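Scroll down for the structure; my scribbles are underneath it.
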Amino acid sequence: MRKDRLYFLTFISISVIFLIIASFGVKYFIKVSANQLIEIQLESSKREANEIAKLIHYQIIDGTDKQKIISNVQDVIENTHNQASFICLFDWSGKEVCHPDITKVGQKVNSDQSLLKSLNEENSSDKLYYLLLKQKKESDTIPGINTESEIVYISPVKDSDLIVAAHINLNKISVQIRKLKTSFYTIFALMGGLIILSSFFAVRIIGSYYEKQLEQKNISLESELLNLSKLNTDLIAYQQKVVENIEEESLESMVESSKESGKKRILTYIRNELVPVPINNISYIYTENTITYIVCFDGKKSTSNDSLDDLLLNLDTSLFFRANRQFIISITAIAKIIKYGNSQLKILIRDSDVEIIISKNKAAEFRQWLNI
C-alpha cells in the first residue's frame, strides 16, 4: 500500500511540475509564434502596398486617366477584405477612393495612429500583437466599436494625391491566433501525457530494480549477521572451555602443559626494570614504532625486546592468535566480533578501546581457530 501511495504521489508531483512549466512555456511559444505570424503578414502587406503604389505611379506617368486607374484598382481589390490582409486607396483629404468593401468608398479613413507609429519602432510585431489583441478585446466588450480591420502601413503614390494603405483583418488574425493556441495546447497536452506516463513507468521500473537490489542486499546482510552471530557464539563457547580447563587442571598439570606448549612467563621491561609477566595475564601484544608492547588484563603495559614472531613461538596457539602484522590477541580478551568493511572482522578487546582489524584473508583462519 505504501508503494502505491509513493507511486501516486510521484505521478502527482510530475504532473504538477509539468503543468507549472507548461503554463509558462506555452504562453511564451504562442506569443513568439503569433509575432512571427503577424510579422510575415505585415511584410507581405507592405510589399503589396509598395507594389500597388509603384504600379499606379507608372500608369500615371504613362498618362492613364486617374479615374480609370481608380476603377481598375477597385476591380482588383474588391471583396478582398475577407482575407487576412488587404489594401485600400485614399487621397490626402483622408477620403476612401478604393476599398474592398464598396460601401466604405467615400468615407473618411479611420486609423489608429499609435498602431502606425509602433510599426516604425523596433519589435514592431510584438507591439502590434498587443495592440491588435487590445483592440479586438475592446471591439468584443464595447458595442458600437468596429475594429474589423486596421491600417498597418501606408505607401504614398508619387506624383499624385493618392495613398495606398495596407490593412490587417483583425478577425482573421484573431482566428489564426486561436488556431495557433489550440494547436499548441493540443501538442503540450499530448506531450505532457506522454512525458508524465513515461516518467511514471520509469520511476516504477527504477523503483522495482532498486527494491530487488535492496532485498538482495538485505538477504546478504542477514546471512552475514547469522555467520557473525555463529562466530560470536563459537567465541563464547571457546572462552568458557578455556576457563573450565584452567579451573579443572591442577597446578602441576598446568606446569606440564606450559612446558609442552610454551613458556609460563615472559620477561618484559617497565622502564629499566625487568618484570616477568604470566602468560595467562596477557590480554594482547602489539608493536608500534618497532617497539613490542605487552598489555595485561589489568591495563598494565610493558615492553619486550622480542618481535611478535618470536613471542608467538613461546605462546600457546590455542589461546593466542596473530590477528595481523601488528597484533597478537588472547582468546579470553575478546569482547565481541563484528563485521567490518568487505568481509573483514573487527575485534573489540575487553576493558579497552582498542579495535583490531582482521583482514579478509586472515578471517577464514580466525574462524577455524575459534572452532578448535
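The values are calculated or read from the model by the stated rules, or taken from the named source; none is laboratory data. A quick note: this is a predicted structure, and the numbers were derived from the prediction, not measured. Positions of Cβ are generated from backbone atoms using ideal geometry, with glycine treated the same way; all protein chains shown enter the neighbour counts.
Report, by residue number, each residue of region 154-185 that is over 27 Å from Gln74 (Cβ atoms) and of a type in the set (D, E, K, R).
Answer for region 154-185, where residues must be over 27 Å from Gln74 (Cβ atoms) and of a type in the set (D, E, K, R): Arg178, Lys179, Lys181.
Considering only region 318-349, how many residues are under 17 Å from Ile279 (Cα atoms) and at pLDDT below 85?
Counting residues in region 318-349 that are under 17 Å from Ile279 (Cα atoms) and at pLDDT below 85 gives 1.
I'm checking my understanding of the structure. Among residues of region 328-355 that are among the hydrophobic types (A, V, I, L, M, F, W, C) and crowded, with 20+ Cβ neighbours inside 10 Å, which one is nearest to Thr233 (Cα to Cα)?
My answer is Ile337.
Lys301 versus (1) basic (Lys, Arg); (2) farther than 29 Å from Thr233 by Cβ; (3) crowded, with 19+ Cβ neighbours inside 10 Å: which is the lone unmet condition?
Unmet for Lys301, out of (1) basic (Lys, Arg); (2) farther than 29 Å from Thr233 by Cβ; (3) crowded, with 19+ Cβ neighbours inside 10 Å: (3).
Consider Ser318 against the criteria (1) out of contact with any helix residue (DSSP H, G or I) (no Cβ under 8 Å at 6 or more places or on another chain); (2) surrounded by fewer than 17 Cβ atoms within 10 Å (Cβ to Cβ): it satisfies all of them except one. Which criterion is unmet?
Every listed condition holds for Ser318 apart from (1).
Check region 265-278 and report whether any residue there is among the basic types (Lys, Arg), in contact with a Pro (Cβ under 8 Å, 6 or more places away or on another chain) and modelled with pLDDT of 80 or more.
So far as region 265-278 goes, yes, one or more of its residues are among the basic types (Lys, Arg), in contact with a Pro (Cβ under 8 Å, 6 or more places away or on another chain) and modelled with pLDDT of 80 or more.
When you scan region 204-223, do you find a residue that is modelled with pLDDT of 80 or more, more than 30 Å from Ser343 (Cβ to Cβ) and loosely packed, with under 12 Cβ neighbours inside 10 Å, even just one?
Yes; the residues of region 204-223 include at least one that is modelled with pLDDT of 80 or more, more than 30 Å from Ser343 (Cβ to Cβ) and loosely packed, with under 12 Cβ neighbours inside 10 Å.
Please list, ordered by residue number, the strands (runs of 3 or more DSSP E) wholly in region 319-358 having 3 or more residues that are farther than 15 Å from Gly299 by Cα.
So the answer is 320-322, 334-340, 344-349, 355-358.
Every residue, every condition in (1) at pLDDT below 80; (2) surrounded by fewer than 12 Cβ atoms within 10 Å (Cβ to Cβ); (3) over 30 Å from Leu162 (Cα atoms), yes or no:
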| residue | (1), (2), (3) |
| --- | --- |
| Arg5 | yes, yes, yes |
| Phe11 | yes, no, yes |
| Leu19 | no, no, yes |
| Phe29 | no, no, yes |
| Glu48 | no, no, no |
| His57 | no, no, no |
